[in-house]
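Single-structure report; data block below.
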Amino acid sequence: MSAFARLAELVRTALAQLVACGELPAGLPVDAVTVEPPRDPAHGEAATNAALVLAKPAGRKPMELANALAARLAAFPEVAAARAAAPGFVNLDLVPDFWRAELRAALEAGRDYGRVDLGRGRPVNVEYCSANPTGPLHVGHGRGTVVGDALANLLAHMGYRVTREYYVNDAGAQIEALARSVHLRYREALGETIDPFPPGLYPGEYLVPIGRALAERYGARFQSAPESEWLELFGREAVAAMLARIKDDLAALGVHHDVFTSERALVEAGKVEEALAFMERKGLLYTGTLPPPKGKPVEDWEPVPQLLFKATAFGDDTDRPLKRSTGHWTYFAADIAYHLDKWRRGFDWMIDIWGADHAGYVKRMQAAVKAFSDGKASLDVRLCQLVNLLDGGKPLKMSKRAGRIVTLRDVVDEVGKDVFRFVMLTRKNDAPLDFDLVTVTEQSKDNPVFYVQYAHARICSVFRHAAEQGLPTETSDLVAAPLARLADPAELALLRALAGWPRCLEQAARHGEPHRIAFFLMDLAGLFHALWTKGKERPELRFLIAEDPALSCARLALLAAVRNVIAAGLGIIGVRPVEELG
């Protein structure tokens, strides 16, 4: 049981005492009672909202109940002080031994410290990256990929049965444009000059090797042939080549998906018709007309009967069309079929990682999942804002259509996957992020990944020196260290921060926010570096003191737990916990 879980038990015990003595009625709803670290450290080491949430059902004033609860909590040996604070919180300070006991628990658990079976094997599908196979991955794709991969790692760490999926958008107009673009490169490889490149196609140099490969395979067979003879073939060949490149780029980032699902395969297998027939049988579709688009003059619009999904019945702003005037299915229809396929594969919890430009698509997709599953399945969507790619503070512009691309692989090869992955999680996914190629490679405290990896490397160096001095370095030996010797405020601050790791893991998993892991590691590394600096200024605070092996062992025990947490956290993010920095 983690530190804050133990504190929650103390609060529940104190509430039971108040019930037993008649100060509170029995049967109060305690599910909303929490114990958390306060935002302002001046308010104590922990705080509970128990009096706030129970005052109304108990018929008491919040501060009156907070004072009564504080008096009960102050009597526990773990509590150094308990005080009520407006509007009804109870703030707690704990005795140092409370935190030392948590350190011993962390040592006994090793790298599994904080890991609980939160998911209990529940299957969850995390779909991420899913870039159209019309060009190489760029940095924007990289952000969603890292968020999705780290989230999948986090959920797997916490007991969920995770499937990592990539949805290949290999059908539709963009694939026809890709095929036409590749055909031009194919003709170039046969000696033609294509200048200028027609508008609306993909002029990037990345298609040149595909054109050459097709020229070698087919010769001049399709050079002057009508489009009907080569369009589908060249589309398939181009998609296969681009997908191979995408998979190679993902591998360089340390990303490997379990499943690649093809939109074209779903369409060709009749899954769209099957899905919509299923929804029609459930009474979810109708033929009707939609109101004119907002902001468009009514005289320019004509109502056209369409096949519509009753999206407004499930939380969307308007009903949604499923078939175009051409008779082709809309993208939304294909996406319904895809998500229905996921549900039928056993996933009642689906997580999609999308770019922020898809924000308007969220409600309709969630409505569809709710509708076809009768509310038994849920779709969570994480939107990732843009990445501003900088080079020494100057922006780098990207455009797939114009052929000006700074690819994800270019950036990963330049800065390394560890740097890229960590920096992508230094902001919440729905906040814009600046990625400066110069700043992220600096070896300074302003570079977060360096700062965290340096903390791990420094701890490893302490353990190498400890081994040279004949001190115990195995965690199993350090469990018995005299932890009462850890008494300096800086040591206790690091210890308290360490004890927050289980809560961080649980909160990150429950809310689907892997950036919390990166934030925690940066804070923990900062406290460690501060203690290291103190040891330089005050010799009695050095980690290894030759004349006091017992104190050295206690400090090694603290460092061992910190090292385990940093290694575990970096592992979830997908970053190596290095032992030395060059």
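The values are calculated or read from the model by the stated rules, or taken from the named source; none is laboratory data. These numbers were taken from a predicted model, which means no experiment stands behind them. FYI the Cβ positions are ideal-geometry reconstructions off the backbone, even for glycines, and counts take in every protein chain you see.
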- Per the filter on the stretch 202-212, residues among the aliphatic types (A, V, I, L, M), farther than 15 Å from Leu231 by Cα and surrounded by 17 or more Cβ atoms within 10 Å (Cβ to Cβ) are Leu207
- Which fully enclosed helices (runs of 4 or more DSSP H) of the stretch 359-451 have 3 or more residues being under 18 Å from Pro514 (Cα atoms)? 417-423
- Task: Kindly state which helices (runs of 4 or more DSSP H) lie completely within the stretch 461-512 and contain at least 1 residues that are within 22 Å of the chain's Cα centre (by Cα).
- Result: 489-498, 501-511
- For Asn429, are the conditions met, namely being surrounded by 20 or more Cβ atoms within 10 Å (Cβ to Cβ), farther than 30 Å from Thr475 by Cβ and not hydrophobic (A, V, I, L, M, F, W, C)? yes
- Task: Sort out which residues of the stretch 528-566 are more than 13 Å from Glu491 (Cα to Cα), in contact (Cβ under 8 Å) with a residue 24 or more places away in the chain and of a type outside the set (A, V, I, L, M), and write them in order of number.
- Result: Pro549, Cys553, Arg563, Asn564
- Looking at the stretch 283-301, is at least one residue touching a residue at least 60 places away in the same chain (Cβ under 8 Å), in a strand (DSSP E or B) and of a type in the set (Gly, Ala, Ser)? no
- Query: Taking the stretch 222-236 on its own, how many of its residues are surrounded by fewer than 21 Cβ atoms within 10 Å (Cβ to Cβ) and in contact with a Leu (Cβ under 7 Å, 6 or more places away or on another chain)?
  - Reply: 1
- Task: Tell me which of these Leu308 doesn't satisfy, since it passes every other one: (1) within 21 Å of Ala171 (Cβ to Cβ); (2) not in a helix (DSSP H, G or I).
- Result: (1)
- Message: Can you pull out every residue in the stretch 318-338 that is under 21 Å from Ala377 (Cβ atoms) and not basic (Lys, Arg)?
- Response: Asp319, Leu322, Tyr331, Phe332, Ala333, Ala334, Asp335, Ile336, Ala337, Tyr338
- Residue under evaluation Leu178, criteria (1) closer than 25 Å to Lys428 by Cβ; (2) in a helix (DSSP H, G or I); (3) among the hydrophobic types (A, V, I, L, M, F, W, C), criterion not met: (1)
- Query: How about the stretch 1-111: which strands (runs of 3 or more DSSP E) wholly inside it have at least 3 residues that are within 34 Å of the chain's Cα centre (by Cα) and in contact (Cβ under 8 Å) with a residue 24 or more places away in the chain?
  - Reply: 46-48, 89-94
- Counting just the residues of the stretch 256-305 that are exposed (fewer than 10 other Cβ atoms within 10 Å of the Cβ) and charged (D, E, K, R), which one comes out modelled with the highest pLDDT? Arg281
